[in-house]
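What follows is calculated from the coordinates using simple rules that are stated; it is not laboratory data. For clarity, every value in this text was computed on a predicted model and none was experimentally measured. Every residue, glycine as well, gets a Cβ built from its backbone with ideal geometry; the counts of neighbours run over all protein chains shown.
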Amino acid sequence: MQQLIAGVISVCSQDFARERRIVKTDEFSSVFRLRPVFRSAHFVLYTRVNALTHARLGVVAAKRLAPRAVTRNTVKRITRELFRIAELPPIDCIVRLSKPVNVRKGPATTTTLKAMLRAELLLLFASQRPKRTV
């Protein structure tokens, strides 16, 4: 019974298994060579069509733009969470932090910061959803 449940959970699109991640340097480079698709106040989204049946995600949060590890991890966590629930076509997405989200002296994460990041990332992923025809 538990094997059946584990099989159903692993098939679910809500996971973030290794096959749904961009992990190799050359994969990152091939997507970065393309022009940015969409920009928001703090993020840049790069995409490239892939030959797989699902979308893949890579996240780049530079230390100079988010000096605290807590902030960088929050950015990555929110990005992965929203990627899992987004209905995206089979593309490789790289979300790159492009402007500082906070300073060393300020708080590492706040509810306001998380809400702002979430809103921007929702816009990024919504821009890539396939248009539905009626």
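Hey, fewest Cβ within 10 Å first, where do Arg20, Arg129 land in order?
Fewest-to-most Cβ neighbours within 10 Å comes out as Arg129, Arg20.
By the count of neighbouring beta-carbon atoms within 10 Å, fewest first, Val37, Val101 end up ordered Val37, Val101. Note on Lys76: aspartates and glutamates with a C-alpha under 19 Å away, same-chain residues under 8 apart excluded, are Asp15, Glu19, Glu27, Glu87, Asp92, Glu120. By the count of neighbouring beta-carbon atoms within 10 Å, fewest first, Glu120, Glu87 end up ordered Glu87, Glu120.
Rounded, prolate or oblate: which fits segment 15-126 when a ≥ b ≥ c are the square roots of the eigenvalues of the alpha-carbon gyration tensor, with rounded for a/c under 1.5 and prolate only if a/b beats b/c? Cα axes put segment 15-126 in the prolate bin. Since only Leu121, His54, Ile85 are under comparison, the one whose Cα sits farthest along the positive direction of the charge dipole of segment 15-126, derived from C-beta charges on Lys, Arg, Asp and Glu, is Leu121.
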